1. Suppose the filter is in a loop (DSSP other than H, G, I, E, B), more than 16 Å from ligand 2 (Cβ to nearest atom) and not aromatic (Phe, Trp, Tyr); does LEU106 pass it?
2. For the stretch 197-215, how many residues are among the polar types (S, T, N, Q) and crowded, with 17+ Cβ neighbours inside 10 Å?
3. How many residues, within the stretch 156-198, are out of contact with any Leu (no Cβ under 8 Å at 6 or more places or on another chain), within 17 Å of ALA140 (Cα to Cα) and not charged (D, E, K, R)?
4. For the stretch 204-227, indicate whether the set of residues that are farther than 25 Å from ALA25 by Cβ and in contact with a Phe, Trp or Tyr (Cβ under 7 Å, 6 or more places away or on another chain) is non-empty.
5. Here is a list of conditions, (1) modelled with pLDDT under 95; (2) within 15 Å of ligand 1 (Cβ to nearest atom); (3) touching a helix residue (DSSP H, G or I) at 6+ places or on another chain (Cβ under 7 Å), and LEU58 meets all of them except one; can you say which number that is?
6. If LEU117 satisfies all but one of (1) loosely packed, with under 12 Cβ neighbours inside 10 Å; (2) at pLDDT 95 or above; (3) hydrophobic (A, V, I, L, M, F, W, C), what's the number of the condition it fails?
7. Could you list all residues from the stretch 114-166 that are outside any loop (DSSP other than H, G, I, E, B), more than 25 Å from ARG189 (Cβ to Cβ) and among the hydrophobic types (A, V, I, L, M, F, W, C)?
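The values are calculated or read from the model by the stated rules, or taken from the named source; none is laboratory data. Being a predicted model, the structure only gives us computed values, none of them experimental. Cβ coordinates were reconstructed from backbone atoms using ideal geometry, including for glycine residues, and neighbour counts include every protein chain displayed.
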Amino acid sequence: MSAGAGGAGGRAAGAAPSAGASIAARGVSKVFRRGRNEVRALEAVDFDVADGEFVAVLGPSGCGKSTLMRLVGGLVPATTGEIAIAGARVQGPHTDLGIVFQAATLLDWRTVLGNVLLQVELRGLDPAAYEMRAKALLEAVGLGEFTGALPRELSGGMKQRAAIVRALVHDPRILLMDEPFGALDALTREQMRIDLEELWLSSRKTVMFITHSIDEAVLLADRVLVMSPRPGRIERIIPIGLPRPRGLEGRRLEGFAEASDVITEIFLNRGVLHGARGAFSQNLGSRP
Ligand SMILES: Nc1ncnc2c1ncn2[C@@H]1O[C@H](COP(=O)(O)OP(=O)(O)OP(=O)(O)O)[C@@H](O)[C@H]1O
Ligand SMILES: [Mg+2]
C-alpha cells in the first residue's frame, strides 16, 4: 500500500490501482448541474484503500465527502474518472458493502430487528437465515433488549448503533460510514468511537469513515485522507502509526498530538481554520 503516504494527492490520475486495493479511485470528479448552475463537488480525486484498512476522510463542510461516499457505493455516477472495488469498476450499487449514512434513517414503523433485516430483504436474501446473526450483532452493540422496540423508543446513540448493525448484517467486506457519530452528544460519540475500533479490530473490514473531527480521524484511522475545501481534492494522506487499541487513552499516546497538529496546519493554510483573531473582543467585548 503505497498511495502517497505523506505526499500531496496520492498517485497521478490514470495510474493502475494497487494490487489488493479494496477501493481505488482514479481521476474522479463530480459536477452537479442544476439549470445553468454547476457545482464542482470533487476534482481529480485519487486514492486507494487496502483490504482490511481503516481510512478516515476528513474535510470541511461541503467539500464533497458525502458525494465521494455515494460514488464509492455506486449510488451516483462520477462525472469523470473511475472507482473500482476489488478491481471491478463500480457501475451501480455494490452488494459487498454496507453504508451508514449521516442520519440513522430507520423506518419508523419497523422494529429495530425489522430495520436491520430490511437490508437483507432488499438484497433478495432470506431474512430468516440472517435473524440469528442480526440478534447477535444487536446484542454485541448493547441493543439485545431492544430488538422489538420501535426507533422512536431509542436514543440517538442507540439508533446509530442499529444503523451500524443494519450495515453489517449481510457481512460485507467494506463498510462506508458518513459521519455516523455527527449527531451524537460528546460522551456517546466517544463511546461509539471506542466500540467501533473494537468492532473493526475483531472483523478487520475495509472501512471508509467520513468525519469533520480531527480527533476522531486520528484516533480511528490507519491513514487520514485530508480533503481541501470545494471542489474537494485529496490534499494530503497522513499515515497514523499509533498502536491499537487506542481506546480511551488514545489522546495520550505519543504521536497523537503531532498528527493532529499536522492536520490542523493544513486546515490553517487552506483558510478552513483561523487562529484567534480577536474579532469578538473588538466587536462585542467592549462596552460603549
Ligand atoms: N444531489 C445534489 N445536487 C446538487 N448539488 C449537490 C448534490 N449533492 C451534493 N451537492 C453539492 O455538492 C457539494 C458537496 O456536497 P457534500 O454533501 O458531498 O459535502 P460534504 O463534504 O458531505 O458536506 P458536510 O460535511 O456538510 O456533510 C455541495 O456544494 C452540495 O451543495
Ligand atoms: Mg456530508
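1. yes
2. Taking the stretch 197-215 as the starting set, the residues that turn out to be among the polar types (S, T, N, Q) are 202-203, 206, 211, 213.
From what's left, crowded, with 17+ Cβ neighbours inside 10 Å: 206, 211.
Residues meeting the conditions: 2.
3. 2
4. Narrowing the stretch 204-227 to residues farther than 25 Å from ALA25 by Cβ: 215.
Still in the running and in contact with a Phe, Trp or Tyr (Cβ under 7 Å, 6 or more places away or on another chain): none.
Within the stretch 204-227, none of the residues are farther than 25 Å from ALA25 by Cβ and in contact with a Phe, Trp or Tyr (Cβ under 7 Å, 6 or more places away or on another chain).
5. The single condition LEU58 does not satisfy is (1).
6. Every listed condition holds for LEU117 apart from (1).
7. Once the filter is applied, which keeps residues that are outside any loop (DSSP other than H, G, I, E, B), more than 25 Å from ARG189 (Cβ to Cβ) and among the hydrophobic types (A, V, I, L, M, F, W, C), the stretch 114-166 yields LEU117, LEU118, VAL120, LEU122, ALA128, ALA129, MET132.
Every residue, every condition in (1) touching a residue at least 24 places away in the same chain (Cβ under 8 Å); (2) assigned to a helix (DSSP H, G or I); (3) within 13 Å of ligand 2 (Cβ to nearest atom), yes or no:
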| residue | (1), (2), (3) |
| --- | --- |
| VAL55 | yes, no, no |
| ARG70 | no, yes, yes |
| GLY74 | no, no, no |
| ALA84 | yes, no, no |
| PRO93 | no, no, no |
